[in-house]
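Undergrad: Okay, here's the structure, questions in a sec.
The values are calculated or read from the model by the stated rules, or taken from the named source; none is laboratory data. Everything numeric in this text was worked out from a predicted model, so none of it was measured. Cβ sites come from the backbone with ideal geometry, for glycine too, and all protein chains shown count toward neighbours. Keep in mind that these areas ignore ligands, DNA and RNA; they rest on the heavy atoms of the full protein, side chains included. Shrake-Rupley method; radii C 1.70, N 1.55, O 1.52, S 1.80 Å.
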Amino acid sequence: MSSMMYTGDRARRAIDTSHLEKRIEINRAYSSANFDEWLLSHLKVNAGEDILDVGCGSGSQTIPFATLVGPTGSVSALDISSESIDLLKSRLPPAAPVQAVAADMAELANVISTTFKTKNYSLAHSSYALYYSTLRLEVLNVMRCALKPGGRCAVFTPNEPHGLVDLASRFMSMPEAVTDSLQFGPAVLQPYFERNFSRVEIHHFNNTVSVPSSDVLIEFYLQTTYYDARIESDIRTVADAAIAHAGSFRYDKNGYLIMGFRDA
C-alpha cells in the first residue's frame, strides 16, 4: 500500500518517470543556479563513504554519489517507481558501487534489513522526495537510526517563494499537498532535526527560472502535481505578456536543505 500524499492522477504525476525526466530537463536548461553542483558542494561527499539515497528517482544524485564514493564506498538507493530504478540502473557504468531497489520509502526499514547489503551509512540523503510520503517522520527516523557515528542526514525540499505555484494559485485552488511541500522544511524538518541532532545546518537554494516562451512554461506546468487544464490558457496569457515586455517569463523556484550531524 502506497504512503503517497497524492492519489490518482496527481500521484502519477509525482512519480512517473517521464514527468520526472521532463521536469529535470527544463529546470536544468532554464535555471539561474545549478542545483546538482550546489547540493554536492554542501554535502561534501568523500571517497569511501556509504550513502543511503531515499527517493532517488532516475539517479540525479545517485550517479554522482557513486562516482564520488568510488570503489571503496557504496550507494544504497530506493525509489517507489520501478521504471525510474530501471532507468537509473541503465545509466550506471559497469561495476558502479550502487544497489538500487524499487519500493515505497515507507518500507525503508525492511529494505535496509532484508535487501541492502550496506546497513549503516555516513550520509542518509533525500532530495525532492520525502514530502511526498504521509509517513515522512517515520522514514526520517529510519534514516537517522541508520547513520554511523559521525554521520549526517540531509534532506532537500522545495521552499517558498515558488513563482509558478503562486501564479497557478491565482486561477485555481492549490492542492494541500503542494502548499505542504513548500512549508515542509521550516514547519516539519527543522523542528525534527533540532530535536534529534546535536548540530544542524540550514542552506537556502536561491534560483530563478527564465523561460523564453509560454510553450516551454506550459510544457513544464504539464509535468507538475498541480496541473489543471482549465487554467492553462490563463497561465499562457500571463507568460506571453511578460515575454513580450521583458523577453522571458521569470519566476522564483527556491529550495531548502537541512543537514543534521550525529555525534561521533
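Undergrad: Could you sort ARG262, ARG170, ARG144 by accessible area so the largest value comes first, with the probe set to 1.4 Å?
TA: Numbers: ARG262 100, ARG170 155, ARG144 60 Å².
Largest accessible area first, the residues go ARG170, ARG262, ARG144.
Undergrad: Which whole-angstrom value gives the distance between the alpha carbon centres of segment 76-92 and segment 123-189?
TA: Centre-to-centre distance over Cα atoms comes out at 21 Å.
Undergrad: With a 1.4 Å probe and all protein chains kept in place, how much accessible area does GLU138 have, in Å² rounded to the nearest 10?
TA: 100 Å²
Undergrad: I want the antiparallel fraction of DSSP beta bridges within segment 58-193, as a percent rounded to 5. Don't skip to the answer; put the middle values down first.
TA: Numbers: 0 of 11 bridges.
Bridges in segment 58-193 are about 0 percent antiparallel.
Undergrad: Also, I was wondering about something else. Once you charge only the Cβ atoms, +1 for Lys and Arg and -1 for Asp and Glu, what is the size of the charge dipole of segment 3-118 about its Cα centre, to the nearest 20 debye?
TA: Working: 10 positive and 14 negative charges, 30 e Å.
That gives a dipole near 140 debye.
Undergrad: Enter the accessible area of THR237 (Å², nearest 10), with the probe set to 1.4 Å and all protein chains included.
TA: 90 Å²
Undergrad: Given TYR226, PRO191, TYR30, which one lies farthest toward the positive end of the charge dipole of the chain, if we put +1 on the Cβ of every Lys and Arg and -1 on the Cβ of every Asp and Glu?
TA: PRO191
Undergrad: Given HIS125, VAL69, THR114, which one lies farthest toward the positive end of the charge dipole of segment 68-150, if we put +1 on the Cβ of every Lys and Arg and -1 on the Cβ of every Asp and Glu?
TA: The residue sitting most towards the positive pole is VAL69.
Undergrad: Relative contact order, percent, of segment 49-93 when contacts are C-alpha pairs under 8 Å separated by at least 6 residues?
TA: Working: 58 pairs, mean separation 21.5, N = 45.
Relative contact order comes out at 48 percent.
Undergrad: Taking only C-alpha pairs under 8 Å that are 6+ residues apart, what is the relative contact order of segment 11-162 in percent? Could you put the intermediate results ahead of the total?
TA: Working: 241 pairs, mean separation 32.7, N = 152.
This gives 22 percent for segment 11-162.
Undergrad: Specify which residue in the list VAL142, THR237, SER248 is farthest towards the positive end of the charge dipole of segment 111-264, using unit charges on the beta carbon of Lys, Arg (+1) and Asp, Glu (-1), about the Cα centre.
TA: VAL142
Undergrad: Counting only DSSP beta bridges with both residues in the chain, what percent are antiparallel, rounded to the nearest 5? Before the final figure, lay out the partial values.
TA: Details: 22 of 41 bridges.
Counting DSSP beta bridges with both partners in the chain, the antiparallel share is about 55 percent.
Undergrad: Would you mind checking the pairs LYS148/LYS253; LYS44/LYS253; LYS117/LYS253 and listing those with alpha carbons more than 30 angstrom apart?
TA: Working: LYS148/LYS253 33 Å; LYS44/LYS253 23 Å; LYS117/LYS253 37 Å.
Going by Cα-Cα distance, LYS148/LYS253; LYS117/LYS253 fall outside the 30 Å limit.
Undergrad: Under the definition of Cα pairs under 8 Å and six or more residues apart, what whole-number percent is the relative contact order of the chain? Each step should come with its number before you reach the end.
TA: On the way: 483 pairs, mean separation 58.1, N = 264.
Worked out over the chain, it gives 22 percent.
Undergrad: Then there is this: Computed from the coordinates I sent, Rg/Rh (Cα atoms, Kirkwood Rh) equals one of (i) 0.94; (ii) 0.97; (iii) 1.09. Tell me the label.
TA: After the calculation, the listed value that fits is (ii).
Undergrad: Just how large is the dipole of segment 112-264 about the Cα centre, in debye to the nearest 20, putting +1 at every Lys and Arg Cβ and -1 at every Asp and Glu Cβ?
TA: Values: 14 positive and 15 negative charges, 187 e Å.
Roughly 900 debye, rounded to the nearest 20.
Undergrad: I want the local charge near SER90. Using Cβ-Cβ distances under 15 Å, sum +1 for each Lys or Arg and -1 for each Asp or Glu among the other residues.
TA: Numbers: positive: LYS89, ARG91; negative: GLU21, ASP79, GLU83, ASP86.
Residues close to SER90 contribute a combined charge of -2.
Undergrad: Only four residue types carry charge here, +1 at the Cβ of Lys and Arg and -1 at the Cβ of Asp and Glu. Report the dipole size of the chain about the Cα centre in Debye, rounded to the nearest 20.
TA: Working: 23 positive and 29 negative charges, 127 e Å.
Around 600 debye, computed over the chain.
Undergrad: Sort MET5, MET172, MET259 by accessible area with a 1.4 Å probe, largest first. Write out the running numbers ahead of the final one.
TA: Details: MET5 65, MET172 25, MET259 5 Å².
So, going from the largest accessible area down, we get MET5, MET172, MET259.
Undergrad: A further question on this structure: Using the heavy atoms of the protein chains and a 1.4 angstrom probe, tell me the accessible area per residue for the chain in square angstrom. Show your work: numbers first, answer last.
TA: On the way: 11530 Å² over 264 residues.
On a per-residue basis, the chain sits at 44 Å².
Undergrad: Angle, helix 17-30 long axis vs. longest principal axis of the chain, Cα atoms, 0 to 90°, nearest 10?
TA: 70 degrees
Undergrad: Which ³J(HN,Hα) values, rounded to whole Hz and listed in residue order, are derived for segment 66-75 from phi using the Karplus coefficients 6.51, -1.76 and 1.60 in 6.51 cos²θ - 1.76 cosθ + 1.60 with θ = phi - 60°, glycine and proline given as x?
TA: Residue by residue, segment 66-75 yields 4, 5, 6, 6, x, x, 8, x, 7, 10 Hz.
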